[in-house]
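Here is the structure we will look at, set down as structure tokens.
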Amino acid sequence: MGLSVDIKKQVNGFLLDVSWEIGNELAVLFGYSGAGKTLTLKLIAGLMKPDRGLVESSGIVCFDSQRNIDLPPQMRCLGYVFQDLSLFPHMSVRENILYGAKGISKSEGKCRLAEFADKFHIQDIQDRMPAEISGGQKQRVAFARALFRRPAALLLDEPFSALDRPLRLEMQAFLKGVRRDFDVPVILVTHDPGEARALADRMIVYSDGKVMQTGKPSEIFDSPQTDEVKRLVGMGSS
Amino acid sequence: MRLSLQVAAVATIFVVVIGVAAAYLLARGNFRGKEALDVILTLPLVLPPTVTGYYLIIAFGRNGFIGKYIYDLTGWTIMFTWYAAVLASFVVALPLMIKTTRAAIESVDNNLIDASYTLGRSRFETAVRVILPLAKKGIVAGAVLSFARAMGEFGATLMIAGNLPGKTDTMPIAIYSLAAGGDWEQAGGMVILLTLMAGVFLYLANHYSKRVF
């Protein structure tokens, strides 16, 4: 279980050139907006195509420019939670979750829906539309939908950034629970040092399309290798 | 009246099926000549209907480059039948359908489409279950507008379907004949009827395009 990424991509004059590897852990891609974090997630998920490089997820080669391999996003089986959650507004909560049941039989889907509804505390809102549920409930529905196929990894693009602080803390605890229950590698994009510190097993610090430093949060916060990293994690001196 | 409704209804069915497919390709496709195709399909919106009718004669007339083969094969020509009125209405109403539908499809949030892909759903499933349902109000508004436009089609219809009483004299054409013959009373009745219907359709089109989820 894990994910390894070694990609180059040029978009509108911005160059992303990163290489990193994670195991079965919760990795945080940390950096300011415009550092290339979301772009990295899109390249991993196959929503955009790298110019060159390699993406490997749990032993499956998703992209390899040398061998001309480029699996479409449908075949990569990676859960993706978007910053705006992207729940389908015309489908009920139940329909949204079951939309993620591609390749799962009807009876198995039914069983799993009951299990997920219980696990994610959304039993009572299954017939509601996304516009009729609260922010925290939307988050849980988005996670349930992304995890329904039991993906090989979970990609999270700042899903908590729009929440107020108490709910953000609640969702951080929720994410730890998800990671424990599903035992799946998670990549969380964030620009919030507090969130990174609270959640990360490993931090990958981005700046301007490059990886500045990787390591345990304690290593990053206690001994930043460059002034740039020191500034990014918010410890003054810039 | 009955003929007008029949022509407009049949034309609208074709407009919706072909218009949605074309609008989808124009909105989401990426191929050479895409904008050129858009221009060609939109031309009937701005060209005088007589010019559109002229092109249709060149294409579908007994000696037209398509009509010729149909005539050689079957001995039948579409000219001066009510099918020709359908064809004329179809061609002039199609741009309205394509314009509104394309705009509606393009306004669907890209993240929703990406979300569908990451959930393992193919392009076709995504189109049918996410993109088209979310573009529904644009599609309905386009269909209503197209129907109204088809009801009012005159120029191209006169060119290729003519003015055969009981066969191709749709309401706009009947109004022309009646007015030309000095029967202002009957013409006026039809004018009021068509105006009312067009008003209702415009109201419906506005109503549907405003409804949100």
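By the helix-only formula, in which each DSSP H run with n ≥ 4 contributes -39500 (n - 2.57) and the sum is divided by residues, the protein assembly as shown has a 222 nm mean residue ellipticity of -16500 deg cm²/dmol.
In plain terms, the residue of B:Met97, B:Met1, A:Met212 with the fewest other Cβ atoms within 10 Å comes first and the most crowded comes last, giving B:Met1, A:Met212, B:Met97. Each Lys and Arg Cβ is given +1 and each Asp and Glu Cβ -1; about its Cα centre, chain B then shows a dipole of about 560 debye. Normalised by the number of residues in chain B, the mean separation of alpha-carbon contacts (under 8 Å, six or more apart) gives a relative contact order of 29 percent. For the peptide A:98-110, the mean number of other protein chain Cβ atoms found within 10 angstrom of a residue's Cβ is 2.
How well do other chains shield peptide B:118-131, expressed as the mean number of their Cβ atoms within 10 Å of each residue Cβ?
Other-chain Cβ atoms within 10 Å of each residue's Cβ, averaged: 5.
Between the beta carbons of A:Gln10 and A:Asp164, assuming R0 = 45 Å, the FRET efficiency works out to 0.75 to the nearest 0.05. If the chain linking A:Arg197 and A:Lys49 were pulled fully straight, counting 0.36 nm for each residue of separation and taking away their Cα-Cα distance, it would gain 50.2 nm. Based on Cα contacts under 8 Å between residues 6+ apart, chain A shows a relative contact order of 28 percent. Net charge of the neighbourhood of A:Ser58, taken over other residues with C-beta under 14 Å away and scored Lys/Arg +1, Asp/Glu -1, is -1. What are the membrane-span-like helices in chain A by this rule: whole DSSP H runs, Cα extent along the axis at least 27 Å, mean Kyte-Doolittle hydropathy at least 0.5? Span-like helices, by this rule, are absent here. Of all complete DSSP H helices in chain B, those with a Cα span along the helix axis of 18 Å or greater and a mean Kyte-Doolittle hydropathy of 0.0 or more are B:2-28, B:34-46, B:82-106, B:136-152, B:184-210. Other residues within the sphere of radius under 13 Å centred on the Cβ of A:Phe160, judged by their own Cβ, net out at -2 (K and R +1, D and E -1).
How would you rank B:Leu73, A:Leu156, going from fewest to most other Cβ atoms within 10 Å of each one's own Cβ?
Details: B:Leu73 8, A:Leu156 26.
Fewest to most other Cβ atoms nearby, the residues stand as B:Leu73, A:Leu156.
Ordering B:140-148, A:202-210, A:216-224, B:101-109 by mean Cβ neighbour count within 10 Å, with the highest value first, yields B:140-148, A:202-210, B:101-109, A:216-224.
Provide the percentage of antiparallel DSSP beta bridges, counting only those with both residues in the protein assembly as shown; round to the nearest 5.
60
Pairs exceeding 18 Å between alpha-carbon atoms, taken from B:Lys99/B:Lys137; A:Lys42/A:Lys210; A:Lys9/A:Lys42; A:Lys9/B:Lys34: A:Lys9/B:Lys34. When only Cα pairs below 8 angstrom with a gap of at least 6 residues are kept, region A:90-149 shows a relative contact order of 57 percent. Using the Cβ-Cβ distance between B:Val51 and B:Asp109 with R0 set to 51 Å, the FRET efficiency works out to roughly 0.85.
Counting only other chain Cβ atoms within 10 Å of each residue's Cβ, the peptide B:104-114 averages 3.
Each reported figure results from applying straightforward, stated rules to the coordinates on display, with no laboratory input. Source: prediction; values computed, not measured. All Cβ positions, even for glycine, are placed from backbone atoms using ideal geometry, and neighbour counts span all protein chains on display.
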